[in-house]
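Notes for the one structure printed next.
The values are calculated or read from the model by the stated rules, or taken from the named source; none is laboratory data. Just so it is clear, the structure is predicted and the values come from calculations on it, not from any experiment. Neighbour counts run over all protein chains shown; Cβ positions are idealised from the backbone, glycine included. The area values use the complete protein model at the heavy-atom level, side chains included, leaving out ligands, DNA and RNA. Shrake-Rupley method; radii C 1.70, N 1.55, O 1.52, S 1.80 Å.
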Amino acid sequence: MATPKSLVFNLYKNWEVIEHLVRLSRDLPAFEESQVLSVIGRHHPDSNTDDLGANLRSLCTADLLQVLSRTGDLQLNPFVVDFVRGLTR
């Protein structure tokens, strides 16, 4: 698990993407990789596919997104979801 300081810093760096994913998580408990890449692309329209993939990997490395073991789908870290929902209400 990532440290709180690391989580907060990575939330700061990727706030728009995470906030969008938190809103989507009300309807979808997990995301396919293409869905997350689409959200990242909306918030970083000038990025190429390599940059989008690097951004996705950094979200996973920072423990903001977690890979589900059986399906390979991605879910937001439950602590991150609670924290962001608390801030945006």
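Rounded to 0.05, the FRET efficiency of the Trp15 and Leu37 pair, given R0 = 22 Å and the Cβ-Cβ distance, is 0.80.
Taking 0.36 nm per residue of separation and subtracting the Cα-Cα distance, full extension of the segment from His44 to Ser69 would add 6.2 nm.
Every pair of different Cα atoms in the chain enters the Kirkwood calculation, which places the hydrodynamic radius at 13.1 Å.
Shown are Ser69, Ser34, whose ranking by accessible area with a 1.4 Å probe and every protein chain present, most to least, is Ser69, Ser34. In a fully extended conformation the segment linking Thr88 and Arg23 would gain 22.4 nm over its present Cα-Cα distance, using 0.36 nm per residue. Modelled spin labels at Cys60 and Ala30, positioned 7 Å past Cα toward Cβ, are 1.3 nm from each other.
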